[in-house]
Amino acid sequence: MMKRSCLHLFYFILVFFLPVSLMAQIMAPGATGTDQTNYPVFSGTDNIYIFCAENEGAEMAALQVSTELEGTKTFLWEKYNESSASFDFYFSESSSGQTSQISGLADGCYRATVSLGGTTEIYRAWAFNNWITVSGEEVASSCESFKMEGRFTTATLVYYDLSNNASIEIFKDMKVQWEDGSTTVSSVQSPEFFDLPSQNTNYTFTAFDRFGCSASTNVFYESIVPEAKFSVDYGDQANANDLEAPLTVSFINESQNADPGQYEWFFFRDLNEIKKEAEGSQQAIDSIMVVAYDDSPVYTYENTGTYMVKMVAKKVTELNTCVDTFYLDDYIKIDSSYIRAANVFTPNGDGVNDVFVVKFFSMRSVKISIFNRWGKKVHYWSKSDVQGFEDSFTESVWDGKIGGRYASPGVYYYVVEGSGRDGEKRRAHGFVHLFRGKD
């Protein structure tokens, strides 16, 4: 009977007088990343909370313990001392609240003990201030490429095995990237770029880790390469489906980062002419017709043909002369010469089809003779330097009058002769009907 009473007393003391060790909840307000310990010897794991600090030495870490115990409690905070391999007092408070928080913490392991009467709750957590600093610069530049160099330093985060005080470094998985605006252009720390922009450009170098901490810096690249580009303006023939010789073309310079006065324009010969000359020849063919050195030249093509144009733009700096070449997207195609004549006209003064029109295209000279049914020449028109489709088309070739008087209605015969700007002799002839009456 006595043995049973002693046994009951032993259990009474164990339950009511010895402290009960429980696990409370501990959080880390403002933490950007978390991990867990991997102790080599110590059993169990502890949470690791990572805070992104603005710079080395900044103490941003904070921990908060929560409990469900009701009443006035004691919150005891201790910090692990790796030198003595023990926990030292850090902070203590008595409160009826459910939480206790400490902030501005240095790196380390913190232990929170919550006590109320004979009840005790204990929790541990590691908190680290993680910082990254970066710098970068352009280290080399040429006409073919340029090199950037990025550098970073970052905090070394180390925790300790609570059994044998062995140190363990936290793996951060550092990565870098270079961006042009919002576009990532490299994931190499010191890259070489071969796609050179023709404008001065700010690149952003960023170093970051798996915990969401990062640091960035802008690196300025001063471009030394030009970008050659131009467009063409056909003037009065801008809306024509066919281009006629002589054709005056304005070349509009749209290049970037090239120096004024540092342009070369290569006007090629007619493509068909080059091909014909190259057939069966073992000699190199000179395909260039004219070289110009204007910034925005104006050139007149006197003859029909298929023509290409090339521009070379230059940017001159102290150590380099960089060039870029641009070819016209498509050939300038000036159609062959031809002659076409109407077969009827009505010179009755109503403003519609009142003149006999002969359409001639890319012609250098034109002669037109009109004959009556007996073969007598009743009208003659000529032009020795034809200068464009519109002028030719609107020329009053014959207004239906002979010697100032209206010609008799009927059938007339025309003969058109001329020399084309493609070197061809052109001739056309036929009948044209003259009607005088009005509808």
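Between E192 and S92, what FRET efficiency follows from the Cβ-Cβ distance if R0 is 45 Å, with the result rounded to 0.05?
Here the calculated transfer efficiency is 0.15.
Please give the Cα centre distance for the range 352-381 versus the range 115-176, rounded to the nearest Å.
Between the Cα centre of the range 352-381 and that of the range 115-176, the gap is 92 Å.
Picking from S86, S187, S281, which is most flexible by a Gaussian network model of the chain using Cα springs under 10 Å?
With Cα springs under 10 Å in the chain, the top fluctuation among S86, S187, S281 is at S281.
Would you mind finding the longest exposed-site-free stretch of the chain, with exposed chymotrypsin sites (Phe, Trp or Tyr not before Pro) meaning DSSP loop and at most 11 other Cβ atoms within 10 Å?
Free of exposed loop sites, the longest segment is 18-170.
What percent does the relative contact order of the chain come to when contacts are Cα pairs within less than 8 Å and at least six residues apart?
Computed over the chain, the figure is 10 percent.
For Y338 paired with D354, estimate the spin-label separation in nm (one decimal), with each label point 7 Å from Cα along the Cα-to-Cβ line.
It is 3.0 nm.
Pick from Q101, Q282, Q256 the residue whose mean-square fluctuation is largest in a GNM of the chain, springs joining Cα atoms under 10 Å.
Ranking Q101, Q282, Q256 by mean-square fluctuation puts Q282 first.
Which trypsin sites (Lys or Arg not before Pro) does the range 341-386 hold that lie in a coil by DSSP with at most 12 other beta carbons within 10 Å?
Filter output for the range 341-386: R373, K376.
Taking the solvent-accessible surface of protein heavy atoms with a 1.4 Å probe, what is the per residue accessible area of the chain in Å²?
56
Under 20 Å from the 7 Å Cα→Cβ point of N55, by amide nitrogen: which residues of the range 128-159?
From the range 128-159, the list is 129-137, 151-156.
With r defined as the distance between the Cβ atoms of N202 and Y327 and R0 fixed at 22 Å, what FRET efficiency is calculated, to the nearest 0.05?
0.10
Kindly report, to the nearest 10 Å², the accessible surface of C143 as traced by a 1.4 Å probe over protein heavy atoms only.
Counting only protein heavy atoms, C143 exposes about 40 Å² to solvent.
Looking at (i) 25.7; (ii) 21.3; (iii) 48.0, which value of mean projected area of the Cα convex hull in nm² comes from a calculation on the structure shown?
Label of the calculated value: (iii).
Working out 0.36 nm times the residue gap between M27 and V232, then minus their Cα-Cα distance, what length gain in nm do you get to one decimal?
Separation in residues times 0.36 nm, less the Cα-Cα distance, equals 66.9 nm.
Be a star and scan the range 151-183 for residues whose amide nitrogen sits under 15 Å from the point 7 Å along the Cα-to-Cβ vector of V139.
Of the residues in the range 151-183, 151-153 have backbone N under 15 Å from the label point off V139.
Have a look at A342, V134, N55 and report the one farthest towards the positive end of the charge dipole of the chain, computed about the Cα centre with Cβ charges (Lys/Arg +1, Asp/Glu -1).
A342
The values are calculated or read from the model by the stated rules, or taken from the named source; none is laboratory data. Just so it is clear, the model here is predicted, and its values are computed rather than measured. In this analysis, Cβ positions are derived from the backbone assuming ideal geometry, glycine residues included, and neighbour counts consider all displayed protein chains. Ligands, DNA and RNA are stripped out before the accessible areas are found, and what is left, the full protein with its side chains, is counted by its heavy atoms. Shrake-Rupley method; radii C 1.70, N 1.55, O 1.52, S 1.80 Å.
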